[in-house]
1. Does ILE48 fit the bill of being β-branched (Val, Ile, Thr) and under 16 Å from GLY125 (Cβ atoms)?
2. For ARG16, state whether it is modelled with pLDDT of 95 or more, part of a helix (DSSP H, G or I) and either in contact with a Pro (Cβ under 6 Å, 6 or more places away or on another chain) or not acidic (Asp, Glu) (or both).
3. Only one residue in ALA126, ALA84, ALA109 is touching a strand residue (DSSP E or B) at 6+ places or on another chain (Cβ under 6 Å) and either outside any strand (DSSP E or B) or within 15 Å of CYS50 (Cα to Cα) (or both), so which one is that?
4. Kindly provide the set of residues from the stretch 70-98 that are touching a residue at least 24 places away in the same chain (Cβ under 8 Å) and at positive phi, ordered by number.
5. Do we have any residue at all in the stretch 8-26 that's surrounded by fewer than 15 Cβ atoms within 10 Å (Cβ to Cβ), under 28 Å from ALA109 (Cα atoms) and without any contact (Cβ under 8 Å) to a residue 12 or more places away in the chain?
6. Of the residues that make up the stretch 59-76, is at least one among the aliphatic types (A, V, I, L, M), more than 20 Å from GLY95 (Cβ to Cβ) and either touching a Phe, Trp or Tyr at 6+ places or on another chain (Cβ under 8 Å) or assigned to a helix (DSSP H, G or I) (or both)?
7. Six or more apart or on different chains, Cβ atoms under 8 Å: show the pairs whose first residue is in the stretch 143-158 and over 12 Å from ILE25 (Cα atoms) and assigned to a loop (DSSP other than H, G, I, E, B) and whose second is among the charged types (D, E, K, R) and modelled with pLDDT under 95.
8. Can you name the number of the only condition in (1) over 20 Å from GLN31 (Cα atoms); (2) exposed (fewer than 15 other Cβ atoms within 10 Å of the Cβ) that TYR133 fails?
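The values are calculated or read from the model by the stated rules, or taken from the named source; none is laboratory data. None of the values given here were measured: they were computed from a predicted structure. Note that we place each Cβ from the backbone using ideal geometry, even for glycine, and neighbour counts take in every protein chain shown.
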Amino acid sequence: MCESLLSLGRSVYDERQIASALLYIARPDQQLIDDGTYFVAVAGANIIGCGGWSRRRKVYSGSATANGEQELLDPDTEPARIRAMFVRPEWSRRGIGRQILQHAEEQAAAEGFQSLRLVAMRSAGAIYEAAGYRKIENSPITLEDGVVLDCTLMEKRL
């Protein structure tokens, strides 16, 4: 996560934004781990990519919590969430992120979800567009230290 932000994030975020994202976003998403919906790609003994999906209301994997974010979503009427997607820079553009994303989509569909939603960091929007996600709106997120990251809210029908 850190390597991805330090390398790929620099093309769209400044040093202050990167430093804040390293503190508040670049860590394993414990809720996804607890729910069994967090996946990793491994090469040898190294994790080279990660990401997952959530059946809970929380939209992005930052550590801030708000009321209601732990609530379960209704698969018939609400989109599941894609969260915490990162690939090591030296493994980027090899389909690792796409494979994790596809696995997450399949798992969410198997639980009855009809759509997916995510908040894409500006450095990752292209992978989601290529996978069929459409931009809903600009969706800046404010991290715990007040730093704002420009992001994009995206959605896909399954």
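1. Working: β-branched (Val, Ile, Thr): yes; under 16 Å from GLY125 (Cβ atoms): no.
Answer is no for this residue.
2. On the way: modelled with pLDDT of 95 or more: yes; part of a helix (DSSP H, G or I): yes; either in contact with a Pro (Cβ under 6 Å, 6 or more places away or on another chain) or not acidic (Asp, Glu) (or both): yes.
Yes: the conditions hold for ARG16.
3. It is ALA84.
4. Residue satisfying the conditions is ALA84 alone.
5. no
6. Yes, the stretch 59-76 contains at least one residue that is among the aliphatic types (A, V, I, L, M), more than 20 Å from GLY95 (Cβ to Cβ) and either touching a Phe, Trp or Tyr at 6+ places or on another chain (Cβ under 8 Å) or assigned to a helix (DSSP H, G or I) (or both).
7. Correct list of pairs: ASP150/ARG122.
8. (2)
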